[in-house]
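Novice: Structure in structure tokens, see below.
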Amino acid sequence: MFERSGTSAAARAGFHRWRFAIVLLASLLLAVGQPLMSGLFDEEGAFDVFFSLLIIAVLLLVFDQKEHRRFAVGFGLAAFLGVWVGHLLGGPAGRWFLVGAYLLAAGFFAFALYGILRAILVKQASGGEIFGAACGYLLLGIIWSLVYCAVETASVGSFRIPPPGNPDTAVARFDPGALSYFSFITLATVGYGDVTPTTPLARSLAWLEAITGQFYLAVLVAGLVGFKVTQAMSNKTIREENHD
């Protein structure tokens with residue numbers, strides 16, 4: 001009985017330790033899988049499925065505290081329902097449902113990013129820091145892509161998106177995969193120039209994302225290095241005390 005209890009506790013501890021790896025996988029499915037599958041399925045339908053999977057993964061794995069989880073459930077459920085209802089309704093009403101849902105989802109994932117950074121830098125989680133850091137970076141790109149989706153949905157033409165194989169003309173229909181691509185190349189400050197913001201709001205958001213990406217990397221790397229140095233010094237002190 002005690003052995004079974006110990007095994008169960010060890011399994012829970014291992015799952016908790018590597019939970020960010022699962023969220024990272026769900027983030028990759030939305031960021032990478034959805035654009036790759038856009039040729040096989042409808043772009044918006046593929047986006048909705050992977051978007052919903054990521055919301056579920058974040059709700060189950062990121063939030064430890066009950067008050068945070070309750071707040072996140074309300075946030076995530078509203079975003080989840082808003083996206084699906086918006087696509088079902090269509091027309092002007094559905095479009096504004098989608099704008100609200102995208103902004104709610106961006107806020108939800110921003111709250112999840114806060115939870116991940118808190119687990120890495122404040123709680124000093126061990127073992128899953130690299131997965132958590134990578135997951136946070138992907139979530140940052142997803143957050144901005146959702147903001148861009150909201151802007152493009154509210155004001156069509158805010159981004160110039162060329163269709164495949166013809167860079168000289170702009171695509172007429174909404175493409176969340178292209179905006180996700182634009183978000184990540186902006187976050188990495190690559191900027192190929194194929195997808196371009198055309199309105200003052202879209203341009204302002206683009207340079208804000210570029211600064212946010214650099215700031216995230218600087219703060220995260222500094223925090224992880226500081227944690228490792230503190231951990232090494234603490235272990236050294238404990239060894240010296242035990243030796244004495």
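Novice: Let me spell it out: the conditions are (1) surrounded by 12 or more Cβ atoms within 10 Å (Cβ to Cβ); (2) among the aromatic types (Phe, Trp, Tyr); (3) at pLDDT 85 or above, and Phe227 meets all of them except one. Which number is the exception?
Specialist: Every listed condition holds for Phe227 apart from (3).
Novice: Being surrounded by fewer than 20 Cβ atoms within 10 Å (Cβ to Cβ), touching a residue at least 60 places away in the same chain (Cβ under 8 Å) and of a type outside the set (Val, Ile, Thr) is the filter here; which residues of the stretch 206-219 pass it?
Specialist: Tyr216, Leu217 - these are the residues of the stretch 206-219 that are surrounded by fewer than 20 Cβ atoms within 10 Å (Cβ to Cβ), touching a residue at least 60 places away in the same chain (Cβ under 8 Å) and of a type outside the set (Val, Ile, Thr).
Novice: Pull up the stretch 193-224, narrow it to residues that are modelled with pLDDT under 85 and out of contact with any Asp or Glu (no Cβ under 8 Å at 6 or more places or on another chain), then point me to the one that is nearest to Gly132 (Cα to Cα).
Specialist: Applying the filter and picking the extreme gives Leu220.
Novice: Could you say whether any residue in the stretch 53-74 is within 15 Å of Ser145 (Cβ to Cβ), assigned to a helix (DSSP H, G or I), at pLDDT below 85 and not hydroxyl-bearing (Ser, Thr, Tyr)?
Specialist: no
Novice: Same structure, new question: When you scan the stretch 94-114, do you find a residue that is more than 30 Å from Val221 (Cα to Cα) and of a type in the set (Val, Ile, Thr), even just one?
Specialist: Yes, there is a match, as at least one residue in the stretch 94-114 is more than 30 Å from Val221 (Cα to Cα) and of a type in the set (Val, Ile, Thr).
Novice: Restricting to the stretch 151-191, give me the number of residues that are of a type outside the set (A, V, I, L, M, F, W, C), modelled with pLDDT of 85 or more and either part of a loop (DSSP other than H, G, I, E, B) or over 24 Å from the mean Cα position of the chain (by Cα) (or both).
Specialist: 4
Novice: Additional query: What is the number of the single condition among (1) modelled with pLDDT under 85; (2) over 18 Å from Val58 (Cβ atoms); (3) surrounded by fewer than 18 Cβ atoms within 10 Å (Cβ to Cβ) that Arg118 does not meet?
Specialist: (2)
Novice: Out of Val83, Val147, which single residue is among the hydrophobic types (A, V, I, L, M, F, W, C), more than 18 Å from Leu59 (Cβ to Cβ) and in contact with a helix residue (DSSP H, G or I) (Cβ under 7 Å, 6 or more places away or on another chain)?
Specialist: None of the others qualify; the one that does is Val147.
Novice: Only residues in the stretch 186-204 that are buried (at least 16 other Cβ atoms within 10 Å of the Cβ) count as the first member; pair them with residues that are among the small types (Gly, Ala, Ser) and assigned to a helix (DSSP H, G or I), Cβ under 6 angstrom, at least 6 apart or cross-chain, and list the lot.
Specialist: Thr186/Ala206; Thr186/Ala210; Leu187/Gly141; Leu187/Gly213; Val195/Ala178; Pro197/Ala206
Novice: For Tyr148, all conditions in the list (1) modelled with pLDDT under 90; (2) surrounded by 22 or more Cβ atoms within 10 Å (Cβ to Cβ); (3) in contact with a strand residue (DSSP E or B) (Cβ under 9 Å, 6 or more places away or on another chain) hold save one; what is the number of the exception?
Specialist: Against the list (1) modelled with pLDDT under 90; (2) surrounded by 22 or more Cβ atoms within 10 Å (Cβ to Cβ); (3) in contact with a strand residue (DSSP E or B) (Cβ under 9 Å, 6 or more places away or on another chain), Tyr148 comes up short only on (1).
Novice: Looking only at residues that are closer than 19 Å to Gln65 by Cβ and in a helix (DSSP H, G or I) in the stretch 121-138, which one is modelled with the lowest pLDDT?
Specialist: Here the residue is Val122.
The values are calculated or read from the model by the stated rules, or taken from the named source; none is laboratory data. Model, not experiment: these values are computed from the prediction. Note: ideal-geometry Cβ built from the backbone for every residue, glycine included; neighbour counts use all protein chains shown.
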